[in-house]
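Chemist: The structure's right below; bear with me while I get my questions together.
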Amino acid sequence: MMTDRRPDAKHRISAIALTNRNRALWLAGVVALLAALCALSVTVGTRDVSWSDITAALAGRTDNLGQAAVALRIPRTLLGVLAGAALGLAGAVMQGVTRNPLADPGILGVNMGASLAVVIGIVWFQIETAGAYIWWAIAGAALAAVFVYTIGSLGRGGATPLKLALAGAATSVAFASLVIAVVLPRADIAGGIRSWQIGGIGGATSERIWPVLPFLAVGFAISLLSARKLNLLALGDELAVGLGERVAFARASASIGAILLCGASTAVCGPIGFLGLVVPHVCRLLVGIDHRWLLPFSALGGACLLIAADVAGRIAARPAEIDVGILTALIGAPVFIWIVRRQRVREL
Amino acid sequence: MNSAMPEHTLEAHGLSTGYGTDNILHDLDLTVPPGRITAIVGANACGKSTLLRAMSRLLAPREGQVLLDGKSIHRMSARLLARTMGLLPQSPIAPEGIAVADLVSRGRHPHQNLFSRWTRKDDEAVDAALTATRTTELAERPVDELSGGQRQRVWIAMALAQETDILLLDEPTTFLDISHQIDVLDLLTDLNRERGTTVVMVLHDLNLAARYADHLVAIAKGRVHVSGSPEEVLTQQNIRAVFGLESQIITDPVSGRPMMLPIGRYRVLGC
Amino acid sequence: MVSTSLQTLIANRRRRQRRYRSVVSILALLVVALFALSLAIGQTVTPPLEVIRVLLGEQIGGASFTVGQLRLPRAVMSVLAGLSFGLGGVTFQLMLRNPLASPDIIGITSGASAAAVFAIIVLSLNGPIVSIIAVVAGLGVSMLVYGLSLRNGVAGTRLILVGIGISAMLESIIAYILSSAPAWNLQEAMRWLTGSVNGAQLGQAIPLLASLAVFGGLLLSRSRDLEALRLGDDMASALGVGVARTRMLIMVAAVGMIASATAVSGPIAFVAFLSGPIAARIVGSSSSPLVPAALIGAVLVLAGDFAGQFLLPSRYPVGVVTGALGAPYLIYLIVRVNRTGSAL
């Protein structure tokens, strides 16, 4: 009897070990990919630079145009990594909190809410400091998230993916209109409307990044720490309660993390959509649905995707640049559609 | 029996069809006896609803054909078919706030074309339909305010307003309370007796089917396992084959029809 | 002997018909009144008599210019665009059985806009060719959305979600083209981002009128089938409607109308979305909301443009007005739909 059981146990243990090892391998792989992409981001752009320029700029010198170009790309790359990680992570958290494969800060109108809040702050309340921008953006993101979730969960079936996506899309459209309505009379900043409709990381400087770091740090911490809670929530509310989890609190705390991340990124970059949708799905295919792996992986994956999109945007339309927000939409929307097709209608 | 009603024959020959890559129905033959009540029974996912949908032209046959009076229904014009055969699908949708009388009036659609106006005949058909289903008092009320049983009667009224000789119903009793289920089945029997309507319905309750139907068709794995009178169909072997269940057949003391008593592992005398 | 139940039935039906007729008449009068108002009032107020004389062809000093060249094309465009958006929007909502499934949201207007923006800015085209390109693009997008949502038959939910995805893609393309245009012309950008009838010309009205006549006529001829489709595909089929074919015909007509209007005025925000639900509330669910929705669309655009020009602290194009005012109603509608789980 004992000998019968042993091979099974061994088999199972080795199966688990294999998966964990696989996951670790994937993790290492994505970190390496990120490093490579960052290197690419610093090297490539509208202006070609030489290797010596790069090393010089990294050492802090900006003697010629090449080094100056690199010096600009360093904060840009840094911002891309931070924003990408934030949005990828926020998307994974949102999908976990809402149990909705279509959740994404862009689709759910959270990014637009942040944009609208900042725009209102600038035009009607004359806010000027980076810190104020961020607080307003976070407030806007929070209000939008609560709003969309509330109206999306009314009625039969609660917050089904369709209802949530519709509520989010409609709210996004509404907010986008309001952004235009608020900004239009102000000819001085009206030219900047673009940046509040579609996000990008061009023009990033260290001064813009410093203020947002604490918010991102707190957001990252809260989100990553909610991994266990999200695993339990994935079982469904009733089961999670049965297992001793306080469902409402878990949801709220995880959401706060996601909202901080979205608000902070949107305050600096404008609304970048679809990252939060695409990255978690791809990551799930590689490391599975355990949020303790999925969350960090989504963060890294998001950073990779954002940097890759930014580099592509710089190369594809030389000497002009394509904003990242446009590229993520162009890449992300087909993935969104592919996900929608894969699901059975009942799950929608 | 109302002999003024022309009798239409509805049959399926060698019918194979399904959704997706596999077929659900395989080489199925079926003849619906005109002027009678037929019930289609079987386990879940055996193909009952698929069969009804194929017979009402909602699903195209991949092999074989469905014939109405000897003509393939897929060659007939949709309007002509709709004037002969009515269908009550599983989840019909009522536009929000629509009144009963309006919903029933939609049943006149096959009798109107682009230029026809609403005539006296249409009003009379609607009135007759409401009367037959005893929903006249509900005529001006919104459909969403009605109970499940009342709503089902309204849908049947709409099918009646179509003035068809054949009526197909896909699980008309599934979500209703037992009293409403009996109500609907009694109503269908009225229609059959008074107007000679051929009724074909998919039922999930075997005993109700045995009580109310003249002709039973038991489907298993996409084929007709057995068909005939309730006495012929309700046997221990058939129940075992179609439902995978041991049973005992007795005579229902209320109706005199056969009745199936399921035998499980517990609560069986002498076990 | 006529039974009393039959009499009551007929009486009630006649009552509903009367209500429908009076609603349509009132709406039509409202459109005419707003039209007249837009012709008479502007930076200066032109007396009604002069307006009529100009319309009849007389040449009067300043009035001929203000009324004939500035206000008339603008008002005509508003009416035609409003009718097109209203009728097209309500058709989509009825067909997809969801008021939130409006062409604004599922990518049709984005497709037509993107094509128009591309044609005008990148290809430097002008005139009716732009409308044609927009219509073709609109049809292309709807076929794409339809095709992508096909999997064992079309599911309404999948269609809407696919539409949202495609719309997002197209919006980003529009943003890109606008931003990379040689001169960032705010006016033009506004037209293509939210819709505007500024600078309308009478010449543009002709293709729009033609599209309204052809597509609108096609739609209205199928209104009974559309009413049957509201009961569900199965039920409509059982009532003798060729579901697939009718759907396609209706979609082509609706898309054609909307795309033609978008090619001229841009995607006037929310008009296609709002007209249907407002019409359904006013006319009741027993009558067809098609014509009332078209009229309401015209009212919204006329009133919105008027408000945007004269009633607000700053000059706004009509799309911003309808967008900003439509947003709360949109939210209210979502709340209502979700709460009652209903269709239009």
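Chemist: Counting Lys and Arg as +1 and Asp and Glu as -1, what is the net charge of the other residues whose Cβ lies under 15 Å from the Cβ of C:MET77?
Modeler: Surrounding charge for C:MET77 is +2.
Chemist: Which whole-number percent gives the relative contact order of segment B:85-157, counting Cα pairs below 8 Å spaced six or more residues apart?
Modeler: So the answer I get is 47 percent.
Chemist: Still on this structure, please answer the following. Taking K and R as +1 and D and E as -1, what net charge do the other residues with C-beta under 13 Å from the C-beta of A:VAL42 add up to?
Modeler: Net charge around A:VAL42: +1.
Chemist: Here's a follow-up. Per-residue Cβ counts within 10 Å, from other chains only, averaged over A:325-335: what number is that?
Modeler: 5
Chemist: Moving on to the next point. Between beta-carbons, use under 15 Å as the cut-off and find the net charge around B:PRO262, counting Lys and Arg +1, Asp and Glu -1.
Modeler: Residues close to B:PRO262 contribute a combined charge of 0.
Chemist: Would you be so kind as to identify all helices of chain C, as entire DSSP H runs, whose Cα atoms reach 20 Å or more along the helix's own axis and whose mean Kyte-Doolittle hydropathy is at least 0.5?
Modeler: Qualifying helices: C:4-40, C:72-95, C:128-148, C:156-179, C:243-265, C:290-306, C:318-340.
Chemist: By how many nm would the segment from B:TYR19 to B:SER72 grow when fully extended, if each residue of separation counts as 0.36 nm and the alpha-carbon distance is taken off?
Modeler: 17.0 nm is the gain from fully extending B:TYR19 to B:SER72.
Chemist: Kindly put C:ARG97, C:ARG18, B:ARG134 in sequence by how many other C-beta atoms sit within 10 Å of each C-beta, fewest to most.
Modeler: C:ARG18, B:ARG134, C:ARG97
Chemist: Which residue fluctuates the most in chain C, going by a Gaussian network model with Cα springs under 10 Å, if the choices are C:ILE121, C:ILE52, C:ILE296?
Modeler: Result for chain C, Cα springs under 10 Å: C:ILE52 fluctuates most.
Chemist: Please arrange C:LEU229, A:LEU72 by counting, for each residue, the other beta carbons lying within 10 Å of its beta carbon, fewest first.
Modeler: Lowest to highest Cβ neighbour count: A:LEU72, C:LEU229.
Chemist: A further question follows. At C:PHE65 and A:LEU235, where each label point lies 7 Å from the Cα along Cα→Cβ, what is the point-to-point distance in nanometres?
Modeler: About 7.9 nm, to one decimal.
Chemist: Only helices at least 30 Å long along their own axis, judged from Cα atoms, and with Kyte-Doolittle mean hydropathy of 0.0 or greater: name those in chain A from DSSP H.
Modeler: A:2-43, A:65-98, A:130-152, A:161-183, A:247-269, A:291-316
Chemist: When Cβ neighbours within 10 Å are restricted to other protein chains, what is their mean count per residue of peptide C:314-320?
Modeler: Partner-chain Cβ atoms within 10 Å, mean over residues of C:314-320: 3.
Chemist: Counting other Cβ atoms within 10 Å, keep those with at most 12, restrict to DSSP loop, and tell me which trypsin sites (Lys or Arg not before Pro) in segment A:290-348 are left.
Modeler: In loop regions of segment A:290-348 (DSSP not H, G, I, E or B), the sparsely surrounded trypsin sites (Lys or Arg not before Pro) are A:ARG344.
Chemist: Could you tell me the calculated FRET efficiency between C:ILE129 and A:THR150, based on Cβ-Cβ distance and R0 = 51 angstrom, to the nearest 0.05?
Modeler: E(calc), rounded to 0.05, equals 0.65.
Chemist: Say each of A:LEU143 and C:TYR332 gets a label point 7 Å from the Cα, pointing the same way as Cα to Cβ; how far apart are those two points in nm?
Modeler: Here the answer is 2.0 nm between the modelled labels.
Chemist: For the pair B:ASP214 and C:GLN43, how long in nm is the line joining their label points, each one 7 Å along Cα→Cβ?
Modeler: So the two model labels end up 8.4 nm from each other.
Chemist: Cα-Cα over 32 Å: which of B:LYS48/B:LYS121; B:LYS71/B:LYS221; B:LYS48/B:LYS71; A:LYS163/A:LYS229?
Modeler: From the list (B:LYS48/B:LYS121; B:LYS71/B:LYS221; B:LYS48/B:LYS71; A:LYS163/A:LYS229), the Cα-Cα distance tops 32 Å for B:LYS48/B:LYS121.
Chemist: Which of the listed residues, A:GLY91, A:GLN67, A:GLY288, is farthest toward the dipole's positive end in chain A, when Lys, Arg count +1 and Asp, Glu count -1 at the beta-carbon?
Modeler: Sorting the options by dipole projection puts first A:GLY288.
Chemist: When chain B is modelled as a GNM with alpha-carbon springs shorter than 10 Å, which of B:GLY222, B:GLY196, B:GLY256 fluctuates the most?
Modeler: Highest fluctuation of the listed residues: B:GLY256.
Chemist: Would you mind ranking A:LYS163, B:LYS221 by Cβ crowding within 10 Å, fewest neighbours first?
Modeler: With the fewest neighbours first, A:LYS163, B:LYS221 line up as B:LYS221, A:LYS163.
Chemist: Given the Cα-Cα distance of A:ALA320 and A:VAL44 and 0.36 nm per residue of separation, how much length would full extension add, in nm?
Modeler: Result for the pair: 98.0 nm of gain on full extension.
Chemist: Taking beta carbons within 10 Å but only from partner chains, what does the mean come to for residues C:328-335?
Modeler: Whole-number average of other-chain Cβ neighbours for C:328-335 is 4.
Chemist: Do you know the relative contact order of chain A, to the nearest whole percent, from alpha carbon pairs under 8 angstrom that are 6+ apart?
Modeler: 29
Chemist: Let me ask another. Determine the calculated [θ] at 222 nm for the protein assembly as shown from helices alone, applying -39500 (n - 2.57) to every DSSP H run no shorter than 4 residues and normalising by the residue count; nearest 500 deg cm²/dmol.
Modeler: -20000 deg cm²/dmol, from helical runs alone.
Chemist: Here is a follow-up. At 0.36 nm per residue, minus the direct Cα-Cα distance, what do A:ASN64 and A:ARG341 gain on full extension? Give it in nm, one decimal, please.
Modeler: Gain in length upon complete extension: 94.6 nm.
Throughout, read-outs are computed from the coordinates displayed, never taken from laboratory work. If you're wondering where the values come from, they're calculated on a predicted model, not measured in any experiment. Neighbour counts run over all protein chains shown; Cβ positions are idealised from the backbone, glycine included.
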